[in-house]
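Everything on this sheet refers to the single structure shown next.
The values are calculated or read from the model by the stated rules, or taken from the named source; none is laboratory data. As the structure is a prediction and not an experimental result, all values here were calculated from the model. Glycine also receives a Cβ, built like all others from the backbone with ideal geometry; neighbour counts cover every protein chain displayed. Surface areas here come from the heavy atoms of the whole protein model, side chains and all, with no ligands, DNA or RNA. Shrake-Rupley method; radii C 1.70, N 1.55, O 1.52, S 1.80 Å.
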Amino acid sequence: MSKKKSIAIGVLAVQGDVLEHVNMMNEVLKKNGYKPNTIWVKKPEEIELLDGLIIPGGESTVMSRLVSEMRFGDKLINKIKEKVKNGLAIFGTCAGTIMLSKTSSDNVVKEFSQTILELMDIEVVRNKYGRQQKSFEKELLIDVLGKKPFPGVFIRAPIITSVKKNVEVLCRNSEEIFAAKQDKLLAVTFHPELTHDFRFHEYFLKLIQS
Amino acid sequence: MKNLFPERSYMKTGESIHQLTPDEKVTRGTNRMKRGFARMTKGGVIMDVTSVEQAHIAEDAGSVAVMVLDKLPIDVRRAGGVARPASIPIICDILEAITIPVMAKCRLGHTYEAKVLQETGADCIDESEVLTPADELRHIWKWDFTAPFVCGALDLGSALRRIDEGAAMIRTKGEPGTGNVAEAIRHIRLVNGEINEIKRLLEVEDYQQLLFRSREMTCSYDTVLETAKIGRLPVVNFAAGGITTPADAAQMMMLSADGIFVGSGIFKSEDPMQRASAVVLATSYWDSPEVVYEAQEMVSEQKAMMGLTGSEMKLKMQERGAKL
């Protein structure tokens with residue numbers, strides 16, 4: 001069987017559950033007839049060839065410190081921002097959503113604030129549900145993924161409190177937004193990579209192709 | 001491939017239904033929640049702290065979580081006597097002061113001590129051989145808790161026994177409070193070697209020998225089978241015990257650790273902030289020698305804690321814990 005034009009996807013691998021995303025994305029690529037070549041990226045030059053970038057779950061403070069203050073710091077951030085202007089699609093899960101947001105604050109330590117990539121017009125509050133023991137699973141109804149509920153795995157999750165008009169809300173209840181999309185940027189506050197449901201990663205693939 | 005044992009019903013315990021808003025049912029404390037929490041710490045460094053001040057330094061340096069204890073392992077060695085968990089007010093103060101996960105150590109087999117730590121709201125509990133064991137025969141039955149547990153292991157058998165008991169995360173023990181990475185390397189190599197062995201047994205479909213190995217290691221057959229199938233521990237595995245320099249951390253990552261615990265190494269050095277940042281950098285970029293070089297350059301060997309070798313040690317913490 002001949003493979004279609006290959007698609008290059010990277011997972012930002014400075015910290016977090018990188019392997020889970022790599023495995024899931026590779027399954028999705030295979031299923032859609034592409035070569036499963038999702039790679040781990042840590043350096044600015046590795047961003048260059050990507051069509052899509054996943055920012056995984058993890059500790060956003062650690063990720064932001066590693067990409068903003070240390071060795072590759074500004075170069076990595078600037079490279080990502082430059083590539084986004086040229087059509088790079090980004091999928092952020094949990095900590096990745098905090099990295100994508102323009103405004104963030106923390107629920108535990110109120111004065112805490114960090115904004116890193118500042119790419120999406122969303123406002124995020126970290127640790128909104130509390131610490132690990134308050135982490136939970138619940139089913140979510142997401143129209144763009146079809147009628148079957150999506151298993152939402154929320155681990156020390158943030159919430160998206162508000163979005164600007166240019167942002168499409170994909171899933172919400174009365175007070176919280178769980179998933180949002182702005183152009184080719186996709187942000188969710190939970191962890192699709194810890195489930196066996198490939199639909200969000202498939203949705204991201206479609207976003208890259210669009 | 002046939003699973004000899006029916007699905008373990010005890011894996012279902014520890015789950016409870018809470019109401020978030022009237023129309024939304026949520027589930028907490030599941031295996032996926034607990035193991036998932038550990039997965040989020042991968043590629044990171046967890047630092048031992050004894051005070052709010054140290055917790056702030058750890059957070060600022062890029063630590064992925066902190067481990068609260070009353071005394072650093074090297075001070076536990078010096079002080080002797082019975083080592084118990086940190087005071088509750090200190091744990092609570094740290095919980096309020098920082099945003100990253102807070103873990104706390106309890107004594108081996110001390111179920112009630114763990115229940116008390118769970119009540120503080122700590123993110124994770126470490127059933128730790130650094131403290132004096134409370135039950136010398138049994139470890140805590142960890143499935144019943146909402147909080148995830150991390151447990152020490154020095155070979156594959158002990159790791160899988162802890163997983164059978166509900167541990168969501170393993171750390172290879174090393175020898176805490178020594179500044180000597182030799183034991184950590186020995187333990188992780190042993191675990192890797194034993195995993196390769198059962199992986200090979202599964203490849204040649206030698207189920208008889210797999211069952212024999214599970215009996216030798218006194219752990220359940222299905223955990224052995226799961227490990228052989230995925231070719232690694234079924235939970236996140238950090239390296240611990242004696243890691244002191246950035247290169248130590250990178251070495252452990254190279255040996256397939258998912259992350260690093262640093263105990264006395266940071267706050268018993270004279271350059272804690274520098275050293276903590278450097279270890280974080282080396283752990284994340286362990287596969288780039290030029291970055292680890294830069295991290296190593298940030299610390300001074302003159303400021304490192306003094307090491308202890310095996311023969312100089314009176315107390316071997318790694319030998320603590322039930323043999324079954």
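Here the Karplus curve 6.51 cos²θ - 1.76 cosθ + 1.60, taken at θ = phi - 60°, turns the phi angles of region A:126-132 into couplings of 6, 6, 5, 8, x, 7, 3 Hz, with x standing for Gly and Pro. Beta-bridge orientation, the protein assembly as shown: approximately 35 percent antiparallel, per DSSP, counting only bridges with both partners inside. Comparing each chain alone with all protein chains together (probe 1.4 Å, DNA, RNA and ligands left out), the residues of region A:48-62 losing at least 10 Å² of accessible area are A:G58, A:E59, A:T61, A:V62.
Computed 3J(HN,Hα) for region A:44-54, one whole-Hz value per residue from the Karplus formula 6.51 cos²θ - 1.76 cosθ + 1.60 where θ = phi - 60°, is x, 5, 6, 6, 3, 8, 7, 9, x, 10, 9, glycine and proline marked x. Give me D for the protein assembly as shown in µm² s⁻¹, whole number, from Stokes-Einstein with Rh from the Kirkwood sum over alpha-carbon pairs, 20 °C and 1.002 mPa s. Estimated via Stokes-Einstein, D reaches 91 µm²/s.
Counting only Cβ charges, +1 for Lys and Arg and -1 for Asp and Glu, the dipole size of chain B around its Cα centre is about 920 debye. Report, by chain and number, residues whose modeled amide H sits under 5 Å from the one on B:V299, excluding near sequence neighbours (fewer than 5 apart, same chain). When sequence neighbours closer than 5 places are left aside, there are no close amide H contacts. Bridges between two residues of chain A, per DSSP, are antiparallel at a rate of about 50%. The aspartates and glutamates within cross-link reach of A:K43, meaning a Cα-to-Cα straight distance under 16 Å and a gap of 8 or more places when in the same chain, are A:D51, A:E69, A:D74, A:E82, B:D287, B:E290, B:E294. Residue-wise HN-Hα couplings along region B:161-168, as the Karplus relation 6.51 cos²θ - 1.76 cosθ + 1.60 with θ = phi - 60° gives them from phi, are 5, 5, 5, 4, 7, x, 5, 9 Hz; Gly and Pro carry x. Taking only protein heavy atoms and a 1.4 Å probe, the accessible area of region A:9-209 is 48% carbon and sulfur. Using a probe of 1.4 angstrom and keeping all protein chains present, the accessible surface of region B:111-170 works out to 28 square angstrom per residue. Annotation: amide H-H contacts under 5 Å for A:W40 (H modelled 1.01 Å from N, sequence separation of 5 or more, or interchain): A:V11. Remark: region A:9-209 is approximated by an ellipsoid whose semi-axes, taken from the C-alpha gyration tensor as √(5λ), come to 23, 21, 15 Å, largest first. A Cβ-based charge dipole, computed about the Cα centre of chain A with Lys and Arg at +1 and Asp and Glu at -1, lands at about 420 debye.
What is the percent carbon and sulfur in the accessible area of chain B, measuring with a 1.4 Å probe over the protein chains and ignoring ligands?
52 percent
Residues of region A:124-147 whose accessible area, computed with a 1.4 Å probe over protein heavy atoms, drops by at least 20 Å² once all protein chains are present relative to their chain alone are A:R131, A:Q132, A:Q133, A:K134, A:S135, A:F136, A:E137, A:K138. In a reduced charge model with +1 at each Lys and Arg Cβ and -1 at each Asp and Glu Cβ, the protein assembly as shown shows a dipole moment near 1180 debye about its Cα centre.
Amide hydrogen proximity for B:C106: with H placed 1.01 Å from N in the peptide plane, the residues at 5 or more positions away or on another chain lying under 5 Å are B:D126, B:E127, B:S128.
The listed peptides A:156-169, A:183-196, B:33-46, ordered by packing as a protection proxy, come out as B:33-46, A:183-196, A:156-169 (highest mean of other Cβ atoms within 10 Å first). If eta is 1.002 mPa s and T is 20 °C, what Stokes-Einstein diffusion coefficient results for chain B, Kirkwood Rh from Cα pairs, in µm²/s? For these conditions, the coefficient is 107 µm²/s. Heavy-atom accessible area buried between chains B and A is around 3800 Å² (1.4 Å probe, both sides summed). Between A:L145, A:L53, A:L117, the GNM of chain A built on Cα springs shorter than 10 angstrom shows A:L145 fluctuating the most.
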